[in-house]
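Input: a single structure, listed below in structure tokens.
The values are calculated or read from the model by the stated rules, or taken from the named source; none is laboratory data. Since this is a predicted model, take the numbers as computed values, not measurements. With ideal geometry, Cβ positions are generated from the backbone for all residues, glycine too; neighbour counts draw on all protein chains shown.
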Amino acid sequence: MSTTQNTFDWRKTLQLGLIGGLVGVLIALVGMVDEFDKRDIVAGTLSMGWTLLLLTALITGYFAASMMPKGRGLPGIVSAVVASAIFAVVMSVLAWLVDRFDLRQVLVNASPNLVKILTFEQGVPNGLFMLIGAGAAVGLLGGVIHILPDRIRKAVALGLSMVALLGLLQEIIQVSLAGFEGVSKALEWMFGKGTEKGLSVAGAIVVFIVVAAGNLLWNTNAPKVNAQFNKLPQKSRRSLRWLGYGILFLVIIYLPAVLGLYLTEVVNSTGLFILMGLGLNIVVGFAGLLDLGYVAFYAIGAYTVGVLTNFSGELTWHFGWNFWLALPVAVSLAVLAGVVLGVPVLNMRGDYLAIVTLGFGEIIRILALSDFLKPSIGGSQGIVNIPPPQFLGVLINNPQTLYYVIVAGAILALFISQRLRDSRLGRSWKALREDEDVAQAMGINLVATKLLAFATGAAFSGLSGSILAVKLGTIYPHSFALLISINVLALIIVGGMGSIPGVFVGGLLLAGMPELLREFAEYRLLIYGALLVVMMQVRPEGFWPEATHKRELHEAEAVKPAEAEA
Amino acid sequence: MQSYRIRRINWTDLFMWVVGAALLALIVGGTYLTLQQGKFTAVQWFDLAVFGLAQGSVYALIALGYTLVYGILRMINFAHSEIFMSGAFIGYFAATGMQRAGFMQENPLLGIIIIFLTAMTTSAVLAILLERIAYRPLRGAPRLVPLITAIGASFFLQYTFRGLFGTQNRAYPEIDVIKGTVPLFGDFQIQKIQIIVIAAAAMMMAFLVLFVQYTKTGKAMRAVSEDKSVAALMGIDVDAIIVRTFILGASLAGAAGVLYCFMFRIVTFYMGFIPGIKAFTAAVLGGIGNPAGAMLGGLFLGIFESLGPTLFLDGLGVPAPYQLKDVIAFTMLVMVLIFRPTGILGERLSRAKA
């Protein structure tokens, strides 16, 4: 703090390097480096595990550069290099320790394999120097990136993330596009042949250049294109928009045919999460009621369909209903549960609401698991033999047909939430979120408004649960753990609380990606947790924020500069 | 709000009263039937009660952490359960290490003290980091923001421990001195470990009360929980006091972790969740923000939960009632929040300040 301009701040550089190093050590020791090393981004050259470490080094360097008093210029770059080198030194200390002592009794991931990865398979003394050298080089890159003008930096960042994305998803891209004759040659060149997984080196470079250049071009020309669009007469603008919808519709219809069985399955589970997300978005995002027991309604929906349609005869009751008959009953029961569980928490706010709803969720799960209710809902063995539904003579028993059921549900939910958002009720919800007391003073009926929020949210969740029941054909109490609620919560927070497109963004990121990258599965909740903490500090409004909510969350910052002036 | 409730009884209140009355009838009826059937002997009831008391002492220690932090920051530190777990975990490594080296057999008392110190230090360090990294930047943010952060931090810590130390259940080493039972009169006896847990918890709670009442830090803590800005004007370093509060709560949680492991002898990464929720229930039950209430609430919940399932449900013919003990605890939490949100000893917080 006492340092004046242009002098080099050793303390901050050291501090940042050490923090970066500790983050790196944590990433390595929880096993992410080792686990992710199996998947390559650039075939044979760069694995995902290494990417994670490089990214940490890069960010360390970038921050070190931005910390310097006159960030742009030599001190910044030197600081970046030094900080990243310190990061690498910390990592090499870790590699040395792991190599020297057997720590696996305590730290399960401190394996020889980790040392091998960290030292570029060169063994301890030699590899460590390479590691430190690599760290410094990446730091240099971080420093240089910091110096670049904003426009170019964004393009570079986007290009690099696109390379990473394509590299990660290569398997899926190849599988889904393999059917098309002409494309397969290009794919082969881009992704390399045979068993290697990831982009080829040339492919990576091409992707990077195309995306970065495209982004630069778009950024310079976007205002013009927009102006052009706005200049068009009303009528042709509308028809252009309808054309867009039409294309979207066709894509939705033909998606399962293109994607194949496995990917459709992924889309389906993502869809169920999005359906739940749309419901929780109403409760948490619109009305501001933090509900951690949301999974309860999911369970109620699934169990209702299970009990009503099941034909195995192990349970006391034997309904043997048709799915389409059971579905409305399941949704109504979920709504009823939403109201019944909503009444006790009407007077609670914030923290208390969260804990009590969490308690409700657990109560439902424990009841489903208990011997007490075993005769009626199967106890820990769950309900098996839930028959697949039929629709107009088509048996919905594979992912590709079920897909349409889920899409129909999602579109219905989307339509309802969109209409509700702009309705009188939606505005009441938002008033409730901003300030309960003021809302009441404005004549909003708190009881009805809150209960309607719970009920609508529960309906979507119940619908999602009912579909889950036929999707799996069996339901177990373990499918309804608290983690589902947390998943859905993370999804709408990352997307942006109260934002409907945000639910889709969050769903694709947090439900779709982990399904595709199975390595992630183990670290799903670790990453979600970190994501929630970071999001709340950096971007509490989410990736696709809703305008009013964003304004509300940044109120304090908007006020601060004004205060500083005064 | 207040007058609204007094002026007329609306249907939601009526609904809750009906539910409450039904539950009360269930409890009374169940108890009567169970006692009438006389399936259980006095010794069995006594064992259950003592077990409940020991478990309740652990809840009370954890609950103190929730209450202390809530008193000062008005936020539920969701990640407190993971701080409890971390203490238990690192304490486990200390215990196995010493056991293997033979130290534990030679100096059992010193060994136990070392386990406690390791666990408490770990928890305290983790709490300091948590406060510094996750909570401090969010002072003054909308209420939902720190709460979501706390939930995120809780899962992050839980799964970091899973990643670091693996998914398997680790069995706590047996420490010879604390095994066995102490005979009382007749057939009645108490396990040694339960005596130790109850005594240790009582000692720590006494220490806490003295600390908060009579030390300078304790006074400053009370001042900060009254009013942060006025406390700052009086020359109190508010941030430092908040950190100390976290350290105090976390040390108690770490110690609770060791005691919990002494009793149940198993360590896993998700072991914090249920005791954490229970402890929170205990804190609410006693009146959150009030340390004495947290202790009382913890003991009450422990006994209630231990005796409850058998006492209330067995007579009603519910199979395997112990499976439903968490249901009983959560139901009690909800009922307390509805009918007496102040808890046994607390002020009216859940509505007024929440």
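Data table
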| quantity | calculated |
| --- | --- |
| Residue among A:363, A:386 that is more than 30 Å from the chain's Cα centre (by Cα) and either assigned by TED's automatic domain parsing to the domain that holds residue A:481 or closer than 23 Å to residue A:272 by Cα (or both) | A:386 |
| Residue selected from the range B:185-197 under the condition in a loop (DSSP other than H, G, I, E, B) and in contact with a helix residue (DSSP H, G or I) (Cβ under 9 Å, 6 or more places away or on another chain), by the criterion farthest from residue A:104 (Cα to Cα) | B:186 |
| Some residue of the range A:116-131 being within 27 Å of the chain's Cα centre (by Cα), within 26 Å of residue A:75 (Cα to Cα), in a helix (DSSP H, G or I) and at pLDDT 70 or above | no |
| Which listed residue is out of contact with any Cys (no Cβ under 7 Å at 6 or more places or on another chain), β-branched (Val, Ile, Thr) and modelled with pLDDT under 80, from A:82, A:90, A:33, A:98 | A:33 |
| Filtered residue count, the range A:249-271, keeping only those that are surrounded by 17 or more Cβ atoms within 10 Å (Cβ to Cβ), among the hydroxyl-bearing types (Ser, Thr, Tyr) and modelled with pLDDT under 85 | 1 |
| 1 or more residues aliphatic (A, V, I, L, M), in contact (Cβ under 8 Å) with a residue 60 or more places away in the chain and within 14 Å of another protein chain (Cβ to nearest Cβ): qualifying helices (runs of 4 or more DSSP H) within the range B:77-173 | B:80-101, B:108-130, B:144-165 |
| Given (1) more than 14 Å from chain B (Cβ to nearest Cβ); (2) more than 30 Å from residue A:149 (Cα to Cα); (3) surrounded by fewer than 14 Cβ atoms within 10 Å (Cβ to Cβ), index of the condition residue A:74 fails | (2) |
| Filter result for residue B:291 (within 10 Å of another protein chain (Cβ to nearest Cβ) and either surrounded by 24 or more Cβ atoms within 10 Å (Cβ to Cβ) or touching a Ser or Thr at 6+ places or on another chain (Cβ under 9 Å) (or both)) | no |
| Selected residue [closer than 28 Å to residue A:505 by Cβ and either part of a helix (DSSP H, G or I) or in contact with a strand residue (DSSP E or B) (Cβ under 7 Å, 6 or more places away or on another chain) (or both)] from A:306, A:279, A:293, A:288 | A:279 |
| Matching residues in the range A:317-361 - criterion: being part of a helix (DSSP H, G or I) and small (Gly, Ala, Ser) | A:326, A:330, A:332, A:334, A:337, A:338, A:342, A:350, A:354, A:359, A:361 |
| Enumeration of residues in the range A:377-386 that are at the interface with chain B (Cβ under 10 Å from one of its Cβ atoms) and not in a helix (DSSP H, G or I) | none |
| Test: residue in the range A:424-433 that is crowded, with 24+ Cβ neighbours inside 10 Å, within 13 Å of another protein chain (Cβ to nearest Cβ), of a type in the set (A, V, I, L, M, F, W, C) and under 17 Å from residue A:291 (Cα atoms) | no |
| Some residue of the range A:310-317 being more than 18 Å from residue B:338 (Cα to Cα) and among the acidic types (Asp, Glu) | yes |
| Subset of the range A:95-128 [among the basic types (Lys, Arg) and within 14 Å of another protein chain (Cβ to nearest Cβ)] | A:104 |
| Residue under evaluation residue A:297, criteria (1) within 14 Å of another protein chain (Cβ to nearest Cβ); (2) touching a helix residue (DSSP H, G or I) at 6+ places or on another chain (Cβ under 6 Å); (3) not β-branched (Val, Ile, Thr), criterion not met | (1) |
| Any hit, the range A:230-238, residues being small (Gly, Ala, Ser), at pLDDT below 75 and exposed (fewer than 12 other Cβ atoms within 10 Å of the Cβ) | no |
| Wholly within the range A:513-561, helices (runs of 4 or more DSSP H) carrying at least 1 residues that are modelled with pLDDT of 75 or more | A:513-516, A:524-538 |
| Qualifying residue in the range A:435-451 (condition: touching a Gly at 6+ places or on another chain (Cβ under 6 Å) and closer than 11 Å to residue A:282 by Cβ) | no |
| Residues that are more than 10 Å from the chain's Cα centre (by Cα), closer than 22 Å to residue A:298 by Cβ and among the β-branched types (Val, Ile, Thr), drawn from the range A:484-536 | A:484, A:486, A:500 |
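Per-residue answers, yes or no, for (1) within 14 Å of another protein chain (Cβ to nearest Cβ); (2) in contact (Cβ under 8 Å) with a residue 60 or more places away in the chain; (3) crowded, with 21+ Cβ neighbours inside 10 Å:
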{"residue": "A:357", "(1), (2), (3)": "yes, yes, yes"}
{"residue": "A:371", "(1), (2), (3)": "yes, no, no"}
{"residue": "A:375", "(1), (2), (3)": "yes, yes, no"}
{"residue": "A:388", "(1), (2), (3)": "no, yes, no"}
{"residue": "A:393", "(1), (2), (3)": "no, no, no"}
{"residue": "A:398", "(1), (2), (3)": "no, yes, no"}
{"residue": "A:410", "(1), (2), (3)": "no, yes, yes"}
